[in-house]
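Below is one structure, written out as structure tokens, with a few remarks after it.
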Amino acid sequence: MFKTILVAVDGSQGAARALDAAIALQKSFDSELLLLSVYRDHNLWKASVSWVQEETTSSTDEAMKQYAREVAEQSKAHALEQGASNVRAFYINGGPARQIIRFSKEHDADLIVLGKRGLSDSSNDLLGGVAHKVTSLAKCPVLSV
């Protein structure tokens, strides 16, 4: 039923639950499991607005990239430990919702799985901002865990 399942991971508890749900689906359908961690760069414009020095910005960008890489790699290791196969991990920068949608189209995902709320979402809404945008804009089914 699902040939390619995309899971958005950000290190949050919601993403961990989404990953576990996707692993179960992957094993049931023998799907390809794509893990995506999206990070935002702290660009120079943002740095100037927030009074951060340019030297700090580069190390901040690298730290965010490194964190996304670690989240993707740890998520892949967890999936393999849980018996998933055909798992690939990616990390890219940009706006999370936009990049999840773009990535799902580029990789022909049949299903997107993500947590109801991630690291940056407030607890006042039923769905977090990224989950709401993705469920609204995706061309494939979305499972929000």
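The values are calculated or read from the model by the stated rules, or taken from the named source; none is laboratory data. Source: prediction; values computed, not measured. Reconstructed Cβ throughout: ideal geometry from the backbone, glycine too, with neighbour counts over all protein chains shown.
So His107 fits all but one of (1) at pLDDT 95 or above; (2) under 14 Å from Val38 (Cα atoms); what number is the exception?
(2)
Please state which one of Leu143, Leu119, Leu80 is modelled with pLDDT of 90 or more, under 18 Å from Asp20 (Cβ atoms) and surrounded by 15 or more Cβ atoms within 10 Å (Cβ to Cβ).
Values: Leu119 fails: modelled with pLDDT of 90 or more; Leu80 fails: surrounded by 15 or more Cβ atoms within 10 Å (Cβ to Cβ).
On inspection, the qualifying residue turns out to be Leu143.
Write out, first by first residue and then by second, each pair whose Cβ atoms fall under 9 Å of each other, whose residues are 6+ apart or on separate chains, and whose first residue, in segment 69-89, is of a type in the set (Lys, Arg) while the second is surrounded by 14 or more Cβ atoms within 10 Å (Cβ to Cβ) and part of a helix (DSSP H, G or I).
Short answer, once both residue conditions are applied: Arg88/Lys76.
For (1) part of a strand (DSSP E or B); (2) modelled with pLDDT of 95 or more; (3) under 20 Å from Ile100 (Cβ atoms), each residue gets a yes or a no:
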{"site": "Phe2", "(1), (2), (3)": "no, yes, yes"}
{"site": "Ile23", "(1), (2), (3)": "no, yes, yes"}
{"site": "Lys27", "(1), (2), (3)": "no, yes, no"}
{"site": "Leu33", "(1), (2), (3)": "yes, yes, yes"}
{"site": "Val52", "(1), (2), (3)": "no, no, no"}
{"site": "Thr57", "(1), (2), (3)": "no, no, no"}
{"site": "Arg69", "(1), (2), (3)": "no, yes, yes"}
